[in-house]
Every structure is written in structure tokens, then in C-alpha cells.
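Here is the structure we will look at, set down as C-alpha cells.
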Amino acid sequence: MAGLRVLVGVKRVIDYAVKVRVAAGGGGVQTQGVKHSLNPFCEIALEEAVRLRERGAAAEVVAVSVGTRACQETLRTALAVGADRGVLVEAGEGAAVGPREAAAALAGLAGRLRPHLVLLGKQAIDDDCNQTGQILAAMLDWPQGTFASRVELEGEWVRVQREVDGGLETLRLRLPAVLTADLRLNEPRYATLPNIMKAKKKPLEVMAASELWGGSLPSPPRLRVLKLEEPPPRGGGQRVEDVPALLERLRSSGRI
Amino acid sequence: MARTGTGVEIIKESQLKRNMPAYLAPWRASPCVFRSSKSELMPNLASDGVVCAPLQTFTEEETMLKNMVTKFAQERVAPLVQKMDENSKMEDSVIQGLFEQGLMSIELGEEYGGTGASFFSTILVVEELAKVDPAVALLCELQNTLTNKLFTTYGTEEQKRTYLPRVAKDTIGSFCLSEAGSGSDAFSLKTRAEKKGDYYIINGSKMWISLAEHAGVFFVMANTDPSLGYRGITCFIVDRDTEGLHVGKKEDKLGIRASSTCPVTFENVKVPETNILGQVGQGYKYAIGMLNTGRIGIAAQMLGLAQGCFDHTIPYTKERVQFGKSVFDFQGMQHQIAQVATQLEAARLLTYNAARLAETGRPFIKEASMAKYYTAEVATLTTSKCIEWMGGVGFTKNYPIEKYYRDCKIGTIYEGTSNIQLSTIAKSLAQEY
């Protein structure tokens, strides 16, 4: 489909290799000075979008991130991988941007940019919510194909193969649609050095989240973190002789 | 004489001079003097025009580049390191990967297929690669600081048009200077180039030539007129498939085994005049000029080597428990580790600063020599200590530590031995005073 525009959501998260520590006060984790990177599932979504454009199925890939000014570096990486332009939806420094807020911002942006396809990662590795894509589809009243492991554009439709608990499910959705990428959709490329340098010249727009949220977000946010603590250190296990002894042990400790 | 709680109250100066203990006397005079002299040392930001940022400040591109190379090195190179070392052979997929990612043409202009990034970017790339495999870092370093630089600095438009797209795409370059009889004394080389009309005939043999196994183009330093001594040395560009050029069997080395080191012989090799790089008799100058920046590249390689080794060791020392606590928690260990970490940081700053000096076009020969000499020494110390800290496992090939130990030794030897570096530094110093 000529002129097909793909909107890709990219989230800036703490790098997967970092040892996460609870911040003082127990309200969150330490983020100051900690290495951040592009969410791996968002990388997969971005790779799929770039491949669609390279195949000629899509015309433009727009990367969008919702968060603080620091997300610019994430968008630059997305541009280096192959997005055509980037949009930073800037929330206030202290604003909690959860799935609902991110989806509302993306919905507002979709209203302006009119993409035919929105590609997101299935979940972010910091909160593991797995909600943004679904909430966004509901807000826009668009069909959704989540946990995508295969995406094929067919004119006004998109054929999505989903990895579900029972196996693989294939859906055919009418565009515009929201898809979320799962692990086996593709293997993301590295940004080559020439592309990293070219990313400098690609346009990166910054807009305020409040512009897009309009009146759709009731405040205050509906979720509040009560407590955050590290899991207890692992204790030793116990050995039992046979299955009846196992059942006895489980019963006596109140587990069953 | 009344005394307050904080010090001695002065009633009469003459009295004070008699009663003041000698070691307190300087205290009265020095603070004021110290402060004013310190302020004189502050750089004038307006005239310098340079931002006083820490040396580890990178531009956004340099940071993205560093992250990309880290990922590439971890995913595409790390799994193959042991195999490449055992077989003494660089994997084709690694060489291809380096070319594909644009890591072999970092500073080349975009018109030749390069990226047009800064020299500092090259240093960062070499450091990141060396953390995983110093042999792979060497390949990248030589291509960028030697091969590409020689072409761009001294090549004619014709030569640049012919060779630069090739070296950016898939051709490795190899620099042939050393011979069996001339290492540090490079300019006593015996390879001869005789002029015959509009071409030259090269005869001789080179030794210790890095990357010769895979190279597609060679820079051959040969003497066109031995009676002129080193002023006859000329640099020739010779394609691999030229008749008479023969790459010998690679050396079975202690370290950086994946990087090939071979003898290269020249038997009546015919080279057209148009393949002379720069001017006849100026080869010695080009060699010195290139090796000055190459030195910083090697410093980056040794730096990455030491850091990579260190990064593998410390987590182990924190996990390993002996006598009821982790090995890292023993004060003796902590002191040793802190000492090594400090020297590593000093080596890093020397290297980064030398790179920044070279970039801004300021004199950097002394600093480059210092960086190369110091990082090679620090790498040797670091790897040696890391093996000790790892204990028995550090001594086995199952862990990567012993490879770093073997690899580091070449740092004190090639691209100017440590003794040569020290002589260079001393020469610079002699000129300063």
C-alpha cells in the first residue's frame, strides 16, 4: 500500500544487564546514573517496521517515545537503526508514565499523524505490564494483534501470526491496526556506523504530553507503588524420600 | 598570654616568634600565597575556547557508537574468541561483520563509503573490541589508523579513488616495514626498489607483517637509493595478486594469535610509478607520522585488554567465598584491586587525552608515546594480577583470563618497543627544558 505510515513506540528502560537496586525510600528503583537502553521488544518492533519499509510495503517509519527529555537518546538510536523521523512526547519530570498514559499519548499522536499501523513491543522489561498495546487499540477502537511472531501486509489488511498459550493463531486484521511484537518476530539489526552518523540529520520533534492527553486522562494516576523490595535471599531446599512424604510436607506447612 | 580554644592569640609579635613552634610558622604565611598562585593556573576560558569537561565526555554519536560496538563484540565476536585463538585464525564472519558495521572505515569520508567520524571514535571502537578480543581490535586499529590514514593523507586522487572504496568495503591493508634485520632500527631496511623506466622492481623480504594472511593490499617500504640512507625509503602500494609477492607461513605466536603475522617476500615484484604513495624518498617521514597516531590506537587496544580482563575478574572475586567471606572482602585483595584500578584509570586518561590532542591538531607525540608505554605496562600488570586473583581457574583455558595475559605482552613490543617510547619521551622532554 503506497504511503503506508508505521508508528513505532520505543521505550527507554534500564539496560537488561544492569543489576537493579531499590532506591532509598522503597518507592522505586535507582535510575540516576544507571545505564539505560532501548527496550528489547521495542527493538524488535522497530526492526519489523524498518523491514516493511525496505520491502516497499511501508513508506515511512516514525519512532515515538513518551517520557522525559532523556528519551531523545533512545529516539536517536531508533533513527540510527532506520526510522525516518522521531517524535518525543515529553511528560513532566516527575510524571508517572504508565501504560494508560503512554497509550493516551500514542492515541493522540495517531490522531494527528494518521498511521496505518502501530507497532509496539509486547511489554517493557522494567514493568512487564503488557498493557500499552491493548489499551491503545481500545482507545482508538482499532483491531489488535498482540504477541506477533509474523507480520504480513496484504493491501488493506494485515495477517498476523500470534504466539498464544495454545500454540500459534493467525488473524487477519483490517488496517489501521495495533500490533505488539513478541520475541521471535525477527532478530534486530545493529545500527551501522554510517547510520549512526546519518541519524544526526533526521528530524526529531518534541511535543508536550499535555497537548496530546487533552482531557482524556483523569488525574491523579490510578496506580500508586506502595512498596518495592528486593526478593529475600534464596534459602536452602529440603529433601523428601517419596511422593507421599512430599504431600505430607506440603500439607503440614499449609501450602495445600 | 591568653589562649582561646582554637589557637594561639597574638599579644606581641616578638613574643610570638619566640614561643611559636617551628612547624606552625609556615602556616601563617602559606594560605594566601597558595590561593593566589592557584588562581593564576586557571585557564582563560574565553581565549582557550575549550570546554573544561572531563576526558570521558563523549558526543552523542560517540556514545551510540560505543554501545553498538559493545553489543556487536558481545554477540558476534565473543562466542568465537576461544576458537580463533586455538586455531590461530580470524573467522571470516568477524571480518565481514567489522566491514558491514562500518568499523573498518570510521574516519573515511562518506564519498568513499566511510562514516566521517572522529579519531576519538576510532579509539573508542578499538577499546570496546579489545575488551572482548585484542586480536580483532588490532585488525580494526591497523585498518583505520594505518591503512586508511596513509591513503587519505598521502594518496593521489587517483589512488584514493581506486583504493579507498575497496578498503571501506572488503579489502584489508597491511603495512610492511619490519625485516628480519631491522625492527626498532626500521630505517636500516634492506628491501630494494630499482627504477626501470616508469616502474620499479622490488626485491627483499619483510617479517612480522600483521594481517598479511587476509590483506588485499600491501604498503611496502623499500629503499630506492641505499646511498642516501633512510632518505631513499619509499612507500609502494602493492596489490596482493602482483606476481612475485609471496605471503609466507604465519607465525605460531604466544598471544593475539587470531591476528596473522607472516613473512612477506618480494621477488622481482613489478610496481608502476603511479603506485608510489606520496613522494620518492619520503617514506621514512610517512612511517613516523603514521606510527605516532598508531601509537594511540595501540594504547586503546591495551587499555581495552586490561579493562576487559579486569571486568571478568572482579565479579568472580565477589562471588568466590573462602574462609567465610568473599575473596574481594579481604583487605589485602581490596588494596591490590584498588591499585590496579587506579593505574587503569590513569592509563585511560592518558590515552583519551592523547587522542583529543591529536584531534585538535595540537602536538601530541610525547603524550602518544606516554600513553602507549604506560597502557602496555598497565595491561601487563593488570592481567598478571587478575590471574592471581582468579586463582587456579585463572590459570586454565576454560576462562578467558589467561588469554588476556598472553595477549598483553605484544603491547610492549610492537609499534615501537617500550624502550623506544621512553627514548621518544626523553627526547621531547629534552626539547622542553
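The values are calculated or read from the model by the stated rules, or taken from the named source; none is laboratory data. Treat the numbers as computed from the prediction; the structure is a model and nothing was measured. Cβ: placed from backbone, ideal geometry, glycine included. Neighbour counts: every protein chain shown. Remember, those area values only see protein heavy atoms, side chains included, never the ligands or the DNA or RNA. Shrake-Rupley method; radii C 1.70, N 1.55, O 1.52, S 1.80 Å.
For region A:189-195, 3J(HN,Hα) computed residue by residue from phi via the Karplus equation (6.51, -1.76, 1.60; θ = phi - 60°) reads 7, 8, 6, 6, 4, x, 5 Hz, glycine and proline entered as x. Split the accessible area of region B:207-266 by element, probe 1.4 Å, and carbon with sulfur accounts for 52%. In this view, the solvent-accessible surface of B:Ser428, computed with a 1.4 Å probe and all protein chains in place, comes to about 30 Å². Under 5 Å between amide hydrogens, built in the peptide plane, is the criterion, and for A:Thr180 it picks out A:Leu120, A:Gly145, A:Thr146, A:Phe147, A:Ala148 among residues at least 5 positions away or on other chains. Once backbone amide H atoms are built at 1.01 Å from N, B:Ile256 has B:Asp407 as its partners under 5 Å, excluding neighbours fewer than 5 places away on the same chain. Distances between placed amide hydrogens fall under 5 Å for A:Ala23 paired with A:Gly28, A:Val29, A:Gln30, all partners being 5 or more residues away or on another chain. In terms of its C-alpha gyration tensor, region B:81-198 has an oblate overall shape, because the principal axis ratio a/c (a ≥ b ≥ c, square roots of the eigenvalues) is not below 1.5 and a/b does not outweigh b/c.
Please compute the contact order of region A:1-90 in relative form: average sequence separation of alpha-carbon pairs under 8 Å and at least six residues apart, divided by the residue count, as a percent.
For region A:1-90, the relative contact order is 35 percent.
Can you figure out the FRET efficiency of B:Asn419 with A:Val240, using R₀ = 56 Å and their beta-carbon distance, to the nearest 0.05? After rounding, the FRET efficiency stands at 0.20. Label region B:161-303 by shape, choosing from rounded, prolate and oblate, from the square roots a ≥ b ≥ c of the eigenvalues of the Cα gyration tensor; if a/c is under 1.5 it is rounded, and otherwise prolate applies when a/b is larger than b/c, oblate when it is not. In terms of gyration-tensor shape, rounded. Here each label is just a point 7 Å from Cα along the line to Cβ, and for A:Glu211 and B:Thr360 those points are 3.9 nm apart. Counted by Cβ distance under 15 Å from B:Ala287, the other residues give a net charge of +2, where Lys and Arg count +1 and Asp and Glu count -1. Taking B:Phe330, B:Phe219, B:Phe99 in turn, the Gaussian network model of chain B (Cα-Cα springs below 10 Å) assigns the largest fluctuation to B:Phe330. Computed with every protein chain present, the accessible area of B:Phe266 is close to 10 Å² [probe 1.4 Å].
Remark: accessible surface ordering of B:His246, A:His36 (largest first) is B:His246, A:His36, probe radius 1.4 Å. Please list, or write none, the lysines whose alpha carbon is within less than 29 Å of the alpha carbon of B:Lys160, excluding same-chain residues fewer than 8 places away. Answer for B:Lys160, where 29 Å is the Cα cut-off: A:Lys198, A:Lys200, A:Lys201, B:Lys66, B:Lys149, B:Lys169, B:Lys190, B:Lys195, B:Lys196, B:Lys206, B:Lys270, B:Lys285, listed by chain and number.
Over chain B, what is the mean sequence separation of C-alpha contacts under 8 Å (at least six apart), divided by residue count, expressed as relative contact order in percent?
Details: 694 pairs, mean separation 61.3, N = 433.
Computed over chain B, the figure is 14 percent.
Once you order the gyration tensor axes a ≥ b ≥ c over the Cα atoms, which shape class does the protein assembly as shown get: rounded for a/c under 1.5, otherwise prolate or oblate by comparing a/b with b/c? It comes out oblate by the Cα gyration axes. Heavy atoms of the protein chains alone define the surface here; on that basis the protein assembly as shown has 51 Å² accessible area per residue at 1.4 Å probe size. Taking chain B as a Gaussian network, Cα atoms linked when under 10 Å apart, which of B:Arg257, B:Arg320, B:Arg348 shows the biggest mean-square fluctuation? Comparing B:Arg257, B:Arg320, B:Arg348 in a Gaussian network model of chain B, the most mobile one is B:Arg320.
Over chain A, with a Gaussian network built from C-alpha contacts below 10 Å, which listed residue (A:Pro40, A:Pro221, A:Pro231) shows the highest mean-square fluctuation? It is A:Pro231. The accessible-area ordering, largest first, of the residues B:Glu86, B:Glu402 stands as B:Glu86, B:Glu402, per a 1.4 angstrom probe.
Using a 1.4 Å probe and counting only protein heavy atoms, arrange B:Thr265, A:Thr192 so the residue with the most accessible area comes first. Let's see the in-between values first.
Numbers: B:Thr265 55, A:Thr192 30 Å².
So the residues, ranked largest to smallest area, are B:Thr265, A:Thr192.
Shielding of peptide B:57-67 by partners, expressed as the average count of other chain Cβ atoms within 10 Å per residue Cβ, is 4.
Chains A and B together bury roughly 1500 Å² of accessible area, counting both sides, with a 1.4 Å probe on protein heavy atoms only. Taking all protein chains together and rolling a 1.4 Å probe, B:Glu213 ends up with roughly 50 Å² accessible.
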